[in-house]
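The values are calculated or read from the model by the stated rules, or taken from the named source; none is laboratory data. Computed from a predicted model, the values in this text were never measured in an experiment. Note that we place each Cβ from the backbone using ideal geometry, even for glycine, and neighbour counts take in every protein chain shown.
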Amino acid sequence: MMSHVGFRSVTTLHDPPTTGPSGDPAGPASGPAAGLSVMADGRPVPTAWQRARGRLDRVGGRLEGPLASWGAAIGVALLAFGMRLWHLGSPRRFAFDETYYAKDAWGLLNQGFVRDYQDQVDGEEINDAILAGNVQGIWDDGPSMEVHPEVGKWVIALGEQAFGMDPFGWRISAAVVGSLMVLVLCRLARRLTGSTVLGCLAGLLMAFDGLHFVLSRLALLDIFLAFFMLCGVACVVSDRDWHRAKLARLVGDTPLEPSSWGPVRGLLVRPWLLAGGLSFGLAIGTKWTALYPLAAFGVLVWLWSAGARRSFGVSWATLRAVLTDGVPAFVQLVLVAAVVYVASWTGWLVNAGQYEEYLSSTQYTGFTQENDCVEGEDGEQTTDNDSDDAAVWPTATEPDASGPAEVVQSLRSLWYYHQDVYTFHTHYLNCSTHTYQSQPSGWLFINRPVGAATQLDIQPGQQGCEAAAGSECYRQVLLIGTPVLWWGGVVALAAAGLLWLGARDWRFGVAVVGTLSTWLPWLQYDDRPIFFFYAIASLPFLCLAITLCLGRLIGSSRLPSPRRTTGVVVAGSFFVLVVLNFAYFYPILSYEVITKGDWIDRMWFSRWI
């Protein structure tokens, strides 16, 4: 039996429609269905047809107009882009892991595969040579051992193609993608709430987050991972609405028999799931960690589909949906993602011979977890691996094939390469340490930010330093979230969990599942160096949790009331606090010159230093 709470859980902030598309007061299958309760004001609970059709009207922008809803979201994204574009080329240096990804992208762009590079050119350090404009004669013959897939580096390469091999060129793609991520979140939040204002609020919260701001201004992979993954989630949520509306049209006015499975043929091809498979494939092609949210939201697709069939009277819907919806969804979501992922390695496959020659016996091949930890020259623990005993890919010693057999041989080499990369991530770094590493259990509380670029000992009068005599100034790019936003997000996440399970509001489940699937898997890798900024994948869902909770506080009625006034004041105040907090931290996000005292004031905890 559906309760009143259950009905409210599928509505948006707008009141539910009371007419069908033809103007009929109840639409198809009008009147209260047998066994359904009434709403608090005595009206019968709308039928499954009405809810499915009415929801598309609300999320599609028909009640506010697509021009206004899209225009507002695009405006928020342009604001975010302007913020990220300002002084994008500063610092003029390789910041943190840009030293790997910017060069890898240039190799992909010019050679079709990631080329290894020299340490020095004519006595000049390689990074200094590149910054001076020297990008010729600095590469070695063989490929480089890259430990992440190539999609994110191809996106970085687009910027380098357009603007050259310099800091602006290798960062512009991140600025564009980070801004597009704000747009996608605006539209996803609007779909979940039915409110353009709340949709824009979600996007603005992310636009004013310090971690998102900095990652949108650096050539690191995580912003691309988060973007493609968010696109995949947005497609899955859109598919939920599409599936229910299509199911309603196929069922029509004729009640389903208790033994019926419901419509099947008309629901085999689901366009939004195909788009989701493409997006998740690109996300996995950036970093493998996107596999976890793909699995989690794949399960939600099955459960949502079963819930839709149950609402139209299908008995044993959860089990029957495994065949009617689960198998087709698996093909369109998971298998499509797999095809896209393999296709993203096309440059590698074309040059598989290079990898077989130079990397078929790498420092990771044949590595075992039992290798000893030794103390390096810098006092840090490193891994002792006897490369003389390393294995060799079987394909490296086989004669070169031709035709279709060559494709199979290259795919086998790619598989062995993946085994090496997996070994690197799961075993090779176990003995390593890093200054900025942090335990993932504390990421949502910002336990240890990462200094991507730092310049100390700037004396008064240098670079605009206004410190008093005897003091100094600092410049820093710190990968840190806006604390008010993240800490508020933790509270909202807890509330979202209660509202998802207690009030049966599926929308809060999107925020909860999204956060947990992008955060909890990292707990199994806490014995090697991992970093806070990996949590960027969780940020959109924290923003969603905050937005949904604020929307719940404001309520669904548009009429003036103490509840609505209180909710609007709380929502507005929280947003203002986020903006002020972001502005306070802005100097250490954007490499501005700041006195040492002002820098210390922003280090709220000793573990941040």
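Annotations
- Matching residues in the range 392-418 - criterion: being touching a residue at least 24 places away in the same chain (Cβ under 8 Å) and under 20 Å from G347 (Cβ atoms): W393, T395, A396, D400, V407, Q409, S410, L411, S413, L414, Y416, Y417
- Flag if G252 is on the phi > 0 side of the Ramachandran plot and surrounded by fewer than 20 Cβ atoms within 10 Å (Cβ to Cβ): yes
- Hey, G307 within 21 Å of T193 (Cβ to Cβ) and not β-branched (V, I, T) or not: yes
- Taking the range 342-367 as the range and being within 18 Å of V408 (Cβ to Cβ), at pLDDT 90 or above and not in a helix (DSSP H, G or I) as the test, the residues that pass are W345, N351.
- Any hit, the range 467-489, residues being under 22 Å from A571 (Cβ atoms) and surrounded by fewer than 18 Cβ atoms within 10 Å (Cβ to Cβ): yes
- Test for A283: is it small (G, A, S) and crowded, with 24+ Cβ neighbours inside 10 Å: yes
- Candidate set: the range 69-121, residues that are among the β-branched types (V, I, T) and assigned to a helix (DSSP H, G or I); chosen: the one nearest to A207 (Cα to Cα): V76
- R602 vs. criteria surrounded by 15 or more Cβ atoms within 10 Å (Cβ to Cβ), basic (K, R) and at pLDDT 95 or above: yes
- Residue within the range 264-271 that is modelled with pLDDT under 95 and buried (at least 20 other Cβ atoms within 10 Å of the Cβ) present: yes
- Within the range 276-318, tally of residues that are at pLDDT below 95 and either in contact with a Cys (Cβ under 8 Å, 6 or more places away or on another chain) or not in a helix (DSSP H, G or I) (or both): 5
Here's the yes/no breakdown for (1) aromatic (F, W, Y); (2) closer than 29 Å to R507 by Cα; (3) assigned to a helix (DSSP H, G or I); (4) touching a residue at least 24 places away in the same chain (Cβ under 8 Å):
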position: I172; (1), (2), (3), (4): no, no, yes, yes
position: V177; (1), (2), (3), (4): no, yes, yes, yes
position: V182; (1), (2), (3), (4): no, yes, yes, yes
position: L205; (1), (2), (3), (4): no, yes, yes, yes
position: L220; (1), (2), (3), (4): no, no, no, yes
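- Residue within the range 237-255 that is modelled with pLDDT of 95 or more and within 16 Å of the chain's Cα centre (by Cα) present: yes
- Residue match in the range 530-537 (condition: assigned to a loop (DSSP other than H, G, I, E, B) and of a type in the set (G, A, S)): no
- Restricting attention to the range 243-264, the residues that are assigned to a helix (DSSP H, G or I) and either touching a residue at least 60 places away in the same chain (Cβ under 8 Å) or of a type in the set (A, V, I, L, M) (or both) add up to 7.
- Complete set of residues in the range 574-601 that are farther than 19 Å from M83 by Cβ and in a helix (DSSP H, G or I): F574, K596, G597, D598, W599, I600, D601
- Residue within the range 520-528 that is of a type in the set (D, E, K, R) and either modelled with pLDDT of 95 or more or in contact with a Pro (Cβ under 8 Å, 6 or more places away or on another chain) (or both) present: yes
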